[in-house]
Amino acid sequence: SANDNLQDLKTGQLVDATPWRQQAALVVGVIAGSAVIPPILDLLNRSNGFAGAAGHAIADNPLPAPQATLIATIAQGVIGGDLDWSLIAIGGLIGAGLVVVDEVLRRSKRYSLPPLGVGMAIYLPATLTLPVVIGAVAGWIYDRRVTRRPDGEAARRLGVLAVSGLIVGESLFNVALSGLIVATNSGAPLALVPADFAPAPVLAVLGYFGVMALLYGWAGRRRAA
């Protein structure tokens, strides 16, 4: 997207990258994305489907798409002429108020209230924002533990790389799982317990925290070694 390209260019400026090489890489990325994304979206639509969209998916677990739903709702409202502009105005006023509050808090040198974070928390479901909050707290605890070490900065960067790999790995796993669902024509090809197994959510949460603890522990020990 345009936002990703701007972020890449700004990052390149900070590390003194060559602009034309960055732009060439972005063109390659756009072409590669255009070739890869459509078949992956088709695979996800066949395996799970998307919430609010018509279709007959194999798994009874439609994937949420809050950003696409938001843009589609606004576009349909503008084209159809029935968009409630009062809600847009209220959102704009709230955003302006958040900017003022953020500027006041930043003067204390200790606190802030990023308007973008608040806006994302408003329209994204809690199932997406809650892991972000948990991850932020876990990262803060890890940074406080390693910041006093001689290799504290390197350990912090390694921790960021570890959890970044977790995010990418989760995405790749879900794509692979969608392919397995379509290949086996089964909504739960990797199921180990019945769908009504009561302890499953608790075990999933414990497994999530266990993986996070192992990753942060590995990152800290590797730099200490």
In the stretch 138-173, the residues that are of a type outside the set (Ser, Thr, Tyr), in contact (Cβ under 8 Å) with a residue 60 or more places away in the chain and either in contact with a Ser or Thr (Cβ under 9 Å, 6 or more places away or on another chain) or open to solvent by less than 80 Å² (accessible area, probe 1.4 Å) (or both): Ala138, Val146, Arg149, Asp151, Ala154, Ala155, Leu158, Gly159
Flag if Leu180 is within 23 Å of Gly135 (Cβ to Cβ), part of a helix (DSSP H, G or I) and either in contact with a Pro (Cβ under 9 Å, 6 or more places away or on another chain) or modelled with pLDDT of 85 or more (or both): no
Residue that is surrounded by 12 or more Cβ atoms within 10 Å (Cβ to Cβ) and farther than 23 Å from Gly187 by Cβ, where the choices are Gly81, Gly77: Gly77
So Leu9, is it assigned to a helix (DSSP H, G or I), in contact with a strand residue (DSSP E or B) (Cβ under 8 Å, 6 or more places away or on another chain) and either open to solvent by less than 70 Å² (accessible area, probe 1.4 Å) or farther than 18 Å from Ser178 by Cβ (or both): no
The stretch 183-225, residues that are more than 30 Å from Trp140 (Cα to Cα) and either part of a helix (DSSP H, G or I) or polar (S, T, N, Q) (or both): Ala183, Thr184, Asn185, Ser186
Options Leu98, Leu130; residue that is within 29 Å of Pro64 (Cβ to Cβ) and either touching a Pro at 6+ places or on another chain (Cβ under 8 Å) or of a type in the set (Gly, Ala, Ser) (or both): Leu98
Residues of the stretch 116-158 that turn out to be of a type in the set (Ser, Thr, Tyr) and farther than 25 Å from Ser171 by Cβ, as a count: 1
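So that you can scan it fast, the table gives a plain yes or no per residue for (1) free of Cβ contacts under 8 Å to residues at least 12 places away in the same chain; (2) open to solvent by less than 80 Å² (accessible area, probe 1.4 Å); (3) more than 18 Å from the chain's Cα centre (by Cα):
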residue	(1), (2), (3)
Gln22	no, yes, yes
Leu26	no, yes, yes
Gly29	yes, yes, yes
Ser34	yes, yes, yes
Gly55	yes, yes, yes
Ile58	no, yes, yes
Ala65	no, yes, no
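The values are calculated or read from the model by the stated rules, or taken from the named source; none is laboratory data. Note that this is a predicted model, so its numbers are computed, not measured. Every residue, glycine among them, receives a Cβ derived from its backbone with ideal geometry; neighbour counts consider all protein chains shown. Remember, those area values only see protein heavy atoms, side chains included, never the ligands or the DNA or RNA. Shrake-Rupley method; radii C 1.70, N 1.55, O 1.52, S 1.80 Å.
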